[in-house]
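The values are calculated or read from the model by the stated rules, or taken from the named source; none is laboratory data. Not measured: the values here are computed from a predicted model. Glycine also receives a Cβ, built like all others from the backbone with ideal geometry; neighbour counts cover every protein chain displayed. These area figures cover heavy atoms from the full protein model, side chains too; ligands, DNA and RNA do not enter into them. Shrake-Rupley method; radii C 1.70, N 1.55, O 1.52, S 1.80 Å.
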Amino acid sequence: MDGQFLVDSLAMLWAPAIVILMLSTIAGRWVVLGKMGRRRWAAIIPVFSTWEVCSGDSGNRALCVVASIASAAQLLSVLLGLGRYYESQWLAALFLALWFVTQLVVSERLARAFGAAPSYAYAVGLVLLPYVGYPLLVAENKVYLGPVDGASA
């Protein structure tokens with residue numbers, strides 16, 4: 001059996017699953033942004049979506065700028081393949097760590113803005129499993145309570 005045939009077969013099997021997961025995340029963010037009174041179409045654009053969610057859940061402009069820059073850096077790191085080369089792996093790891101931390105903060109504030117009970121558990125779910133977290137946040141008919149100030153709830 002040819003090795004390329006196996007790779008192509010696996011790609012054909014995984015491609016629809018990846019598209020379905022992406023659409024689930026976009027649909028969940030679309031509804032979340034709508035409940036927040038923000039631009040729904042921003043859910044389609046990765047970095048701008050981070051900006052809109054952050055602006056709606058915290059109102060902290062500095063956090064929104066850092067989170068958006070981290071999202072853009074991580075996206076460019078993946079698109080440019082920085083982790084492939086030994087010399088640039090540290091840079092890719094740095095971008096990933098910065099993205100992960102900022103997304104945790106933004107997601108925790110988003111969970112509190114919607115009144116989710118264990119906000120840290122929701123934050124981890126929104127970052128690691130967004131295709132489950134966003135629809136779950138929407139499916140429970142949670143009401144948007146407004147921006148949070150950063151104080152512990």
Inset, instruction - Determine if segment 1-17 includes at least one residue that is in contact with a helix residue (DSSP H, G or I) (Cβ under 6 Å, 6 or more places away or on another chain) and either open to solvent by 50 Å² or more (accessible area, probe 1.4 Å) or within 21 Å of V148 (Cβ to Cβ) (or both). - result: no
Legend entry - Residue count for segment 54-97, restricted to those that are open to solvent by less than 20 Å² (accessible area, probe 1.4 Å) and either on the phi > 0 side of the Ramachandran plot or out of contact with any helix residue (DSSP H, G or I) (no Cβ under 6 Å at 6 or more places or on another chain) (or both): 1
Inset, instruction - Could you please give the count of residues in segment 2-39 that are among the hydroxyl-bearing types (S, T, Y) and over 20 Å from Y122 (Cβ atoms)? - result: 1
